[in-house]
Amino acid sequence: GIVVKADVTVREQVDSLVREVQEKLGPVDILVNNAAISFPMVPFTEYRWEDFERKVVQEMAACFHPCQAVIPGMVRRGRGSIVNISSGLSRSPGVGYSSHSAAKSALDALSKSLAMELGPSGIRVNVVAPGLTDTDATAFVPPQVREMIAGHTPLRRIGRPEDVAGAVLFCCVDWSAFVSGAYLPVSGGALMP
């Protein structure tokens, strides 16, 4: 992740990181934006605007700046794949998740806009939208809630990190060269758009 320094803008830090990656590994042909900005899980009527705004703005900034940093090179090379990690909550919200659902819905819309705008340059943009996945970020979810969610999922389990990684990989490889603008739920069938 990027640690924001007071005397340097986020964009300058992202540009510096991209230059460093290009020097060590070569051109950036794949970008995966996987922001997880923390947020209070409270009903909407208890939300403070500052918390809501922070979640939405920082989530969008975490996609906006890396995209702006790598897209010009992708356009010059005539190829690239951008995968934005959203959430099933962008299409199927839950109580206490209003800022998260709003932020991820904005990410979904930006992804569609980028897919449309960048497609003629050979750049694909897709969304991977995990359902409940067993990660450090979901460690707070009580076992009985995990079991309940798994019970309402056609595959009768919650996601694993490798489930999400496999979907991201699919979006990046040549096998999916004609897939762009897609919203791929990784939810065991719980979300069927």
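The values are calculated or read from the model by the stated rules, or taken from the named source; none is laboratory data. In this text, all values refer to a predicted model and were calculated from it rather than measured experimentally. Heads up, the Cβs are rebuilt from the backbone with ideal geometry, glycines too, and the neighbour counts pull from every protein chain shown. Ligands, DNA and RNA are stripped out before the accessible areas are found, and what is left, the full protein with its side chains, is counted by its heavy atoms. Shrake-Rupley method; radii C 1.70, N 1.55, O 1.52, S 1.80 Å.
For the reader, a short list of remarks on this structure follows.
- A dipole drawn for the chain from +1 and -1 charges on Cβ atoms has a positive end, and of Ser101, Ala165, Ala177 the residue lying farthest that way is Ala177.
- With a cut-off of 13 Å between beta carbons, the residues surrounding Cys172 carry a summed charge of 0, where Lys and Arg count +1 and Asp and Glu -1.
- Taking Lys and Arg as +1 and Asp and Glu as -1, the other residues whose beta-carbon sits under 14 Å from that of Pro27 total +2.
- For the chain, calculated [θ]222 nm from helices alone, where every DSSP H run of n ≥ 4 adds -39500 (n - 2.57): -15000 deg cm²/dmol
- For segment 72-193, size of Cβ-based charge dipole, Lys and Arg +1, Asp and Glu -1, in debye: 240 debye
- Fully extending the segment from Ala150 to Arg79 would add 21.7 nm, taking 0.36 nm per residue of separation and subtracting the current Cα-Cα distance.
- Fully extending the segment from Gln58 to Met192, taken as 0.36 nm per residue of separation minus the present Cα-Cα distance, adds 45.4 nm.
- The portion of the accessible surface of the chain made up by carbon and sulfur, rounded to a whole percent, is 61 (1.4 Å probe; DNA, RNA and ligands excluded).
- Order of exposure, largest accessible area first, which applies to Arg76, Arg146 with probe 1.4 Å: Arg76, Arg146
- Order of exposure, largest accessible area first, which applies to Val168, Val32 with probe 1.4 Å: Val32, Val168
- Considering only Ala109, Ala165, Ala139, the Gaussian network model of the chain with Cα springs below 10 Å gives its largest mean-square fluctuation to Ala139.
- Each Cα pair of the chain feeds into the Kirkwood radius, which the Stokes-Einstein equation turns, at 4 °C and 1.567 mPa s, into a diffusion coefficient of 73 µm²/s.
- Remark: the chain carries 58 Å² of accessible area per residue (probe radius 1.4 Å; ligands, DNA and RNA excluded).
- Residues of segment 17-54 falling in the label zone of Phe140, defined by backbone nitrogen less than 19 Å from a point 7 Å along Cα to beta-carbon, are 35-54.
- Packing-based ranking of 62-68, 47-53, 89-95 yields 62-68, 89-95, 47-53, ordered from highest to lowest mean Cβ neighbour count within 10 Å.
- Among Val128, Val141, Pro43 the positive-end extreme of the charge dipole of the chain (Cβ point charges): Val128
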